[in-house]
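Colleague: To start, I am sharing the structure in question, which I have written as structure tokens.
The values are calculated or read from the model by the stated rules, or taken from the named source; none is laboratory data. Fair warning: this is a prediction, and the values are worked out from it, not measured in the lab. FYI the Cβ positions are ideal-geometry reconstructions off the backbone, even for glycines, and counts take in every protein chain you see. The area values use the complete protein model at the heavy-atom level, side chains included, leaving out ligands, DNA and RNA. Shrake-Rupley method; radii C 1.70, N 1.55, O 1.52, S 1.80 Å.
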Amino acid sequence: MSEIIQKVKNLSVGFKSQKGHEISILKNITTNIKKGETVGIVGESGSGKSTLALAMMGYVKQGLFKMGGECIFNSFNLLNMNNRELEKIRGRKIAMIPQNAGQALTPNLKIGYQIDEALKLHTNFNKNEREKKISELLNKVRLPSPETIALRYPHELSGGQQQRVAVGMALAGNPDLLLLDEPTTGLDVTTQAHVLELLNFIAKDTGTSMVYVSHDLGAIAQVSDRIIVMYSGEIVLEGPARDILKRPIHPYTYGLLNSIPKLSLAGLPGSMPGSQPQPGTKKEGCSFYDRCNLAEEKCKKNSPDLEYINELKTSVRCFNYKKLLKDKSKKQLSTSRNEKNIKINEILNLTDVSISYAKQKLLDQILNKITDTNPTVKDINIDINKGETIALVGESGSGKSTILKSIAGLLRTKEGNIKFNQDRILSNDLKKRNSSDLRAIQLIFQNPDESLNPNHTVEEILAQPLKLYFGLSGEKLKNNIIDLLEKVRLGKFYMTRYPRQLSGGEKQRVAVARAFAAKPDIILCDEVTSALDVSVQAAVLNLLQKLKEDFGTTYIFVSHDLAVVRAISDRVAVLYQGRLCEIGPSKNVYKFPSHPYTEVLLGAVLEPDPDIKPKLVAEDIVEDKPPEKGCCFQGRCPRILGDKCKNETPPWQIGDNGNAIRCHINIKELENIQNGN
Amino acid sequence: MFFLIIKRILLGLITLFIVSLITFVGTEVLPGDACTTYLEREAYGAALEACYKRLGLDIPAHERYLSWAYNVIQGDFGYSLSGQMPINEVLGPRVKNSMVLASAAIIIGIPLALILGIITALWRDKLPDITISTVTIFAMTIPEFISATLLILVVAIWLEWLPGIVIVPTDVTVKELLPNIILPVIAIAMIMTAHMARMVRSSVIQVMASDYVQMAILKGVPYWKMVFKHVLPNALLPAINVVALTIAWLLGGVVVTEVVFNYPGLGRLVIESISNRDLPTVQALAIILASIYVSINLIADLLTLMLNPRLKTLQIRK
Ligand SMILES: Nc1ncnc2c1ncn2[C@@H]1O[C@H](COP(=O)(O)OP(=O)(O)OP(=O)(O)O)[C@@H](O)[C@H]1O
Ligand code: SF4
Ligand code: SF4
Ligand SMILES: [Mg+2]
């Protein structure tokens, strides 16, 4: 057994409430980190993962304080040391890779300076050696042309590049322990897979121990040797990664794994009811009691201890774990969607749509000349059938939201038209759309915090569309609101609440209710579950599916998460740089990805299974604009044919199973290559 | 970047144009005019007409505006009525006197505000912050005319340390002026400093809570180095515009304070020429004060543009 480098003993951290009560957000945490191992800490937002990781650096956020226990790194008792002493350890012995590198790099200092600063503090190199070391570090994190990158400011790099810089900076002091707080959250799937692969390489290469904090079990599965599952400030399960992921013996972990949509499984993930208790609200009993489907009477009164099971090398905090131990069925619970055959009854047709963000020069506007020959979104042709869920997928910057905004009328199309119900061409200009067109198309946004007016109660929020489109008032209005709330499974008493009094999932339900209030034909969903925890995400997805079945609504669903798209959509359109690459029924696109870009995207998806490794087939270069001519994917295509791809726009080809792709390689040939792999 | 600067300058010029129009129209619609005030009881018949003729008040208003604007652009504000001399000559020493007053207030106020703001932010909720914050909030709420009067009462009348009222000729030299300006400067600087210190404090606190400062701490950067390299440049950048606004706003304070202390500056001239209905001078003052206001804001915008790496590249790329 290798030596322990970080010991956390009975650690409790809390804050003082306004009434002066001490409320703990970490309760009695005890765990060890061994030399050279990577430990994943996983849990929903608010479970205390980041607080725990920061405490391992002797850092307690402003407003929090240590209530008891200790963190011992080698022989240093970190939480009892003063800042002067900690400065010698931080960055040198223990380094941190932050959640959002974009915000964690100081905006007014160049990349090179920020790395140099760490080197100056923690090494004895002279100026020349440091300069060499900076290049070496940037090289190690696989950034192109380190010399020029070093001279840039943080905002001049893409998200993935910023994250790499942060990794490089953390490695500057050659630390024994690396703490990573959600290092890939917010990155594109392909970028995320590459950063994780880099981290794995560094862990092997340098023998550094890592603590990897994330809400994403998919990412955790790729890097961890051991996993700690946290719930409401406690460790509920801890053990070897493989066992935890394959045979979770705590009901919470079981439910969590169940609520993650998987590529390999069609249908909606099972959802867990309720949400994590707020700190300070739970008095006695098991903290998971309200949401647990194995709960018994004794769980209500007594809280279980963390019990170590020798033969499994696992610790678990549950009275009934044995029930899950016996449960040999590995089958994932997933409610299958009825993929009933959708009648060809087109409700929305996008014809040759292009959209440009470039501002037209005044003169060209007067002469009505089109100057932007290379618009952000170009040549989009999609026919959408009534009652289907069509998803737009692609990396950030692929124009998914842009297309949605145009359909909603928030953004003018430059060319082409959008037809509703086969005969009405929707106006380009929101102001010129009539009330029934406006009612017919509703939007749900990514972030309910921004789309719900914080000064209105839920009742007022839902009353708005009802008054506007149906002129309801009085008793009728009220009954309709109660009805709507019921549909999204919220009680009547939510009417008087303000958005800040709702949890993330509840807010998104209100946003869904508001969209349905207009009795729309089409609902545009822009990353509606991205801001939610997986268990909440599963619930919202199930809700959306249920409502759709009840009302026959058509969804246009935008997401960067391919597994979510797999779970909810009937048809997928894959976009790259504002151009369509592939479109077809979900089950076929996922089973036989034929376009090289679809192959790249699907290969990078992380599954919460240590045995399914992502396939990285293309570099994660960021292109800031689409190529002038030829295939849009030429810059990154692993199967590029040469000049043909660079000069000629590829033709559409339709495969036997209904997939349409845009590529110069014959679709049969592509299918064969990919099946051969 | 170049276009942005041109755009800002153009906007400033438009503002000036509008101000000139408003003052012109304003003085036009007020009952009574320069001649009736000047001639008082003799304001009738031939004398009045002669006066109108001499001042050019007999030609239509828009023509008068155009010729006036034309002259102003060339730096000629016309003729003061009460002083009976070119306005430029009246203004010269007054501008100088006010400049001395304002610059003294700025030279003392800005560094003091920065220091106080930074101290209160870094020792947030500790004793230094609590004391300084109480004092600054108190100072912020007292208008100049009260603080000026109190200063005169305490320092000049009770303690008899300094002269309470400034009794010097308008064309006094700077050296003679200095001992007289101490109290007015304190009165002006107090409220301005308090405002800026609060602003700097909240800006520094905000940056201190940012992810990149937490990162710098976790990187092991020593405290003061972190403050100077990571915190202050980012915290003070947004403060530039507020400082500019405060300085521009100080102009109003200058007027009040000058009147209370009988200080021979632009501010007193404003009040004097309004009560004398010396309309040409009022117009000239309005334009001058507006130009100062506009240029201070312009300078602040340009400084922000130049110092913020983010804006710089944004502009180059576009
Ligand atoms: N207001 C704007 N001005 C100029 N360019 C813009 C603007 N908004 C978006 N873009 C550009 O348009 C492209 C498509 O943006 P869009 O927001 O539609 O992407 P997305 O696929 O929704 O990405 P994400 O997953 O990050 O939301 C990007 O290259 C983006 O930089
Ligand atoms: S102790 Fe009871 S309530 Fe808690 S997780 Fe186990 S079965 Fe569920
Ligand atoms: S057309 Fe060429 S570059 Fe484009 S996807 Fe096909 S092979 Fe790749
Ligand atoms: Mg988007």
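Colleague: Condition (residue is over 27 Å from A:Ser259 (Cα atoms) and either within 14 Å of chain B (Cβ to nearest Cβ) or within 16 Å of ligand 4 (Cβ to nearest atom) (or both)) applied to the range A:623-637: is it met by at least one residue?
Modeller: Applying the first criterion (over 27 Å from A:Ser259 (Cα atoms)) to the range A:623-637 yields A:623-637.
Okay, now just the ones that are also either within 14 Å of chain B (Cβ to nearest Cβ) or within 16 Å of ligand 4 (Cβ to nearest atom) (or both), so A:624-625.
Within the range A:623-637, one or more residues are over 27 Å from A:Ser259 (Cα atoms) and either within 14 Å of chain B (Cβ to nearest Cβ) or within 16 Å of ligand 4 (Cβ to nearest atom) (or both).
Colleague: Right, here's the next one. Please tell me if B:Thr257 is open to solvent by less than 40 Å² (accessible area, probe 1.4 Å), more than 14 Å from every other protein chain (Cβ to nearest Cβ), among the hydroxyl-bearing types (Ser, Thr, Tyr) and in a helix (DSSP H, G or I).
Modeller: Yes.
Colleague: Identify, please: which residue in the range A:655-669 is open to solvent by 30 Å² or more (accessible area, probe 1.4 Å), over 30 Å from the mean Cα position of the chain (by Cα) and at pLDDT 90 or above and is, among those, nearest to ligand 1 (Cβ to nearest atom)?
Modeller: Once the filter is applied, the top-ranked residue is A:His664.
Colleague: Within the range B:69-79, is there a residue that is modelled with pLDDT of 70 or more and of a type in the set (Val, Ile, Thr)? Quick ask: steps written out before the conclusion?
Modeller: Initially, the range B:69-79 is screened for residues modelled with pLDDT of 70 or more, giving B:69-79.
From the residues that got through so far, the ones that are of a type in the set (Val, Ile, Thr) too are B:72-73.
Yes, that holds for at least one residue.
Colleague: Taking the range A:380-398 only, how many residues are farther than 16 Å from A:Ile661 by Cα and open to solvent by 10 Å² or more (accessible area, probe 1.4 Å)?
Modeller: 6
Colleague: Restricting the search to the range A:504-532, which residues are open to solvent by 30 Å² or more (accessible area, probe 1.4 Å) and under 18 Å from the mean Cα position of the chain (by Cα)? Quick ask: steps written out before the conclusion?
Modeller: Filtering the range A:504-532 for residues open to solvent by 30 Å² or more (accessible area, probe 1.4 Å) gives A:504, A:506, A:509, A:514, A:519, A:521, A:530-531.
Across the range A:504-532, the qualifying residues are A:Gly504, A:Ser530, A:Ala531.
Colleague: Can you go through A:Leu333, A:Leu306 and tell me which one is outside the structural domain of A:Leu562 (by TED's automatic domain parsing) and at pLDDT 80 or above? Lay out the reasoning, then the answer.
Modeller: Details: A:Leu333 fails: at pLDDT 80 or above.
Among A:Leu333, A:Leu306, only A:Leu306 is outside the structural domain of A:Leu562 (by TED's automatic domain parsing) and at pLDDT 80 or above.
Colleague: Just give me the residues in the range B:197-212 being assigned to a helix (DSSP H, G or I), within 14 Å of chain A (Cβ to nearest Cβ) and surrounded by fewer than 21 Cβ atoms within 10 Å (Cβ to Cβ), in sequence order.
Modeller: Selection gives B:Ile205, B:Gln206, B:Met208, B:Asp211.
Colleague: Related question: Could you check the range A:512-554 and list, in sequence order, the residues that are of a type outside the set (A, V, I, L, M), touching a Leu at 6+ places or on another chain (Cβ under 8 Å), away from ligand 4 (no atom under 16 Å from the Cβ) and not in a helix (DSSP H, G or I)? So that I can check it myself, show each step before the final result.
Modeller: Narrowing the range A:512-554 to residues of a type outside the set (A, V, I, L, M): A:514, A:516, A:519-521, A:525-527, A:529-530, A:533, A:535, A:537, A:542, A:545-546, A:548-554.
Then keep just the ones that are touching a Leu at 6+ places or on another chain (Cβ under 8 Å); that gives A:514, A:516, A:525-526, A:529, A:535, A:542, A:545, A:553-554.
Next, only the ones that are away from ligand 4 (no atom under 16 Å from the Cβ) stay: A:514, A:516, A:535, A:542, A:545, A:553-554.
Within the range A:512-554, A:Thr553, A:Thr554 meet the criteria.
Colleague: When you scan the range A:668-676, do you find a residue that is of a type in the set (S, T, N, Q), within 12 Å of ligand 3 (Cβ to nearest atom) and farther than 23 Å from A:Ile382 by Cα, even just one?
Modeller: Initially, the range A:668-676 is screened for residues of a type in the set (S, T, N, Q), giving A:672, A:674-675.
From the residues that got through so far, the ones that are within 12 Å of ligand 3 (Cβ to nearest atom) too are none.
Checked the range A:668-676: no residue is of a type in the set (S, T, N, Q), within 12 Å of ligand 3 (Cβ to nearest atom) and farther than 23 Å from A:Ile382 by Cα.
Colleague: Can you pull out the residues in the range B:43-53 that are within 19 Å of B:Asp278 (Cβ to Cβ) and at pLDDT 70 or above? Give the derivation first.
Modeller: Of the range B:43-53, the ones within 19 Å of B:Asp278 (Cβ to Cβ) are B:43, B:47-48, B:50-53.
Within the range B:43-53, B:Ala47, B:Leu48, B:Ala50, B:Cys51, B:Tyr52, B:Lys53 meet the criteria.
Colleague: Within the range A:623-654, track down each residue that is open to solvent by 70 Å² or more (accessible area, probe 1.4 Å) and more than 16 Å from ligand 1 (Cβ to nearest atom).
Modeller: Of the residues in the range A:623-654, the ones open to solvent by 70 Å² or more (accessible area, probe 1.4 Å) are A:624-625, A:628-629, A:641, A:643-644, A:646-649, A:652, A:654.
Within the range A:623-654, A:Lys629, A:Leu641, A:Asp643, A:Lys644, A:Lys646, A:Asn647, A:Glu648, A:Thr649, A:Trp652, A:Ile654 meet the criteria.
Colleague: If I ask for residues that are assigned to a loop (DSSP other than H, G, I, E, B), surrounded by fewer than 15 Cβ atoms within 10 Å (Cβ to Cβ) and not basic (Lys, Arg), which ones from the range A:484-503 would you list? Steps first, answer last, please.
Modeller: Within the range A:484-503, the first condition is being assigned to a loop (DSSP other than H, G, I, E, B), and the residues that meet it are A:488-491, A:497-498, A:502-503.
Of the ones still in play, those that are also surrounded by fewer than 15 Cβ atoms within 10 Å (Cβ to Cβ) are A:489, A:491.
The answer is A:Gly491, and nothing else.
Colleague: Is it the case that some residue within the range A:226-240 is assigned to a helix (DSSP H, G or I) and within 21 Å of the chain's Cα centre (by Cα)? Don't jump to the end; show me each part of the working.
Modeller: To start, the set of residues in the range A:226-240 that are assigned to a helix (DSSP H, G or I) comprises none.
Checking the range A:226-240: not a single residue is assigned to a helix (DSSP H, G or I) and within 21 Å of the chain's Cα centre (by Cα).
Colleague: Please return the ranges of helices (runs of 4 or more DSSP H) entirely within the range A:390-455 where 1 or more residues are of a type in the set (A, V, I, L, M, F, W, C). Give the steps one after another, and end with the answer.
Modeller: On the way: elements: A:400-408, A:435-440, A:448-451.
Result: A:400-408, A:435-440.
Colleague: With the checklist (1) away from chain B (no Cβ under 11 Å); (2) over 27 Å from the mean Cα position of the chain (by Cα) in hand, flag the one item A:Ile89 doesn't pass.
Modeller: Among (1) away from chain B (no Cβ under 11 Å); (2) over 27 Å from the mean Cα position of the chain (by Cα), A:Ile89 violates only (1).
Colleague: Yes or no: A:Asn672 farther than 27 Å from A:Leu143 by Cα and loosely packed, with under 14 Cβ neighbours inside 10 Å?
Modeller: Answer is yes for this residue.
Colleague: Look at A:Asn385 and say whether it is away from ligand 2 (no atom under 16 Å from the Cβ) and touching a Lys or Arg at 6+ places or on another chain (Cβ under 8 Å). Show your work before the answer.
Modeller: Numbers: away from ligand 2 (no atom under 16 Å from the Cβ): yes; touching a Lys or Arg at 6+ places or on another chain (Cβ under 8 Å): yes.
Answer is yes for this residue.
Colleague: Still on this structure, I have one more. Does A:Ala95 count as of a type in the set (Gly, Ala, Ser), surrounded by 22 or more Cβ atoms within 10 Å (Cβ to Cβ) and assigned to a helix (DSSP H, G or I)? Steps first, answer last, please.
Modeller: Working: of a type in the set (Gly, Ala, Ser): yes; surrounded by 22 or more Cβ atoms within 10 Å (Cβ to Cβ): yes; assigned to a helix (DSSP H, G or I): no.
Spelling it out, it is not the case that A:Ala95 is of a type in the set (Gly, Ala, Ser), surrounded by 22 or more Cβ atoms within 10 Å (Cβ to Cβ) and assigned to a helix (DSSP H, G or I).
Colleague: Can I ask one more? When the residues of the range A:608-617 are filtered to those that are under 26 Å from A:Gln161 (Cβ atoms) and under 21 Å from the mean Cα position of the chain (by Cα), which remaining residue is surrounded by the fewest Cβ atoms within 10 Å (Cβ to Cβ)? Talk me through it step by step, then tell me what you get.
Modeller: First, the residues of the range A:608-617 that are under 26 Å from A:Gln161 (Cβ atoms): A:613-617.
Remaining after also requiring under 21 Å from the mean Cα position of the chain (by Cα): A:613-616.
Numbers: A:Lys613: 16, A:Pro614: 20, A:Lys615: 13, A:Leu616: 16.
The residue in question is A:Lys615.
Colleague: What do you reckon, is A:Ala172 under 25 Å from the mean Cα position of the chain (by Cα) and either polar (S, T, N, Q) or within 11 Å of chain B (Cβ to nearest Cβ) (or both)? Please lay out each step first, then the result.
Modeller: Values: under 25 Å from the mean Cα position of the chain (by Cα): no; either polar (S, T, N, Q) or within 11 Å of chain B (Cβ to nearest Cβ) (or both): yes.
Against the criterion (under 25 Å from the mean Cα position of the chain (by Cα) and either polar (S, T, N, Q) or within 11 Å of chain B (Cβ to nearest Cβ) (or both)), A:Ala172 does not qualify.
Listed here are the residues, each with its yes/no results for (1) over 18 Å from A:Leu180 (Cα atoms); (2) more than 8 Å from chain B (Cβ to nearest Cβ).
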site: A:Ile94; (1), (2): no, yes
site: A:Ala104; (1), (2): no, no
site: A:Tyr113; (1), (2): yes, yes
site: A:Ala118; (1), (2): no, no
site: A:Ser135; (1), (2): yes, yes
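Colleague: Further, regarding this structure: Checking the conditions here, which among A:Gly255, A:Gly274 is part of a helix (DSSP H, G or I) and closer than 27 Å to A:Ile568 by Cβ?
Modeller: Values: A:Gly274 fails: part of a helix (DSSP H, G or I).
Among A:Gly255, A:Gly274, only A:Gly255 is part of a helix (DSSP H, G or I) and closer than 27 Å to A:Ile568 by Cβ.
Colleague: Then there's this: Being open to solvent by 20 Å² or more (accessible area, probe 1.4 Å) and touching a strand residue (DSSP E or B) at 6+ places or on another chain (Cβ under 8 Å) is the filter; apply it to the range A:239-254 and report the residue that is nearest to ligand 2 (Cβ to nearest atom).
Modeller: Of all residues in the range A:239-254, those open to solvent by 20 Å² or more (accessible area, probe 1.4 Å) come to A:240, A:242-243, A:246-247, A:254.
If we keep only those that are touching a strand residue (DSSP E or B) at 6+ places or on another chain (Cβ under 8 Å) as well, we get A:240, A:243.
On the way: A:Pro240: 20, A:Asp243: 18 Å.
Among those that are open to solvent by 20 Å² or more (accessible area, probe 1.4 Å) and touching a strand residue (DSSP E or B) at 6+ places or on another chain (Cβ under 8 Å), it is A:Asp243.
Colleague: Go through the range A:555-606 and give me each residue that's more than 16 Å from ligand 4 (Cβ to nearest atom), assigned to a helix (DSSP H, G or I) and within 30 Å of A:Leu484 (Cβ to Cβ).
Modeller: A:Ala563, A:Arg566, A:Ala567, A:Ile568, A:Ser586
Colleague: How many residues does the range A:188-225 contain that are open to solvent by 10 Å² or more (accessible area, probe 1.4 Å) and either assigned to a helix (DSSP H, G or I) or under 19 Å from A:Glu395 (Cβ atoms) (or both)?
Modeller: Within the range A:188-225, the subset open to solvent by 10 Å² or more (accessible area, probe 1.4 Å) is A:188-189, A:191-192, A:194, A:197, A:200-201, A:203-207, A:215-216, A:222-225.
From the residues that got through so far, the ones that are either assigned to a helix (DSSP H, G or I) or under 19 Å from A:Glu395 (Cβ atoms) (or both) too are A:188-189, A:191-192, A:194, A:197, A:200-201, A:203-206, A:216, A:222-223.
Adding up the residues that qualify gives 15.
Colleague: Continuing with this model, one more query. Is the range A:274-286 home to any residue that is in contact with a strand residue (DSSP E or B) (Cβ under 6 Å, 6 or more places away or on another chain) and in contact (Cβ under 8 Å) with a residue 24 or more places away in the chain?
Modeller: Initially, the range A:274-286 is screened for residues in contact with a strand residue (DSSP E or B) (Cβ under 6 Å, 6 or more places away or on another chain), giving A:279-280.
Of the ones still in play, those that are also in contact (Cβ under 8 Å) with a residue 24 or more places away in the chain are A:279-280.
Yes, that holds for at least one residue.
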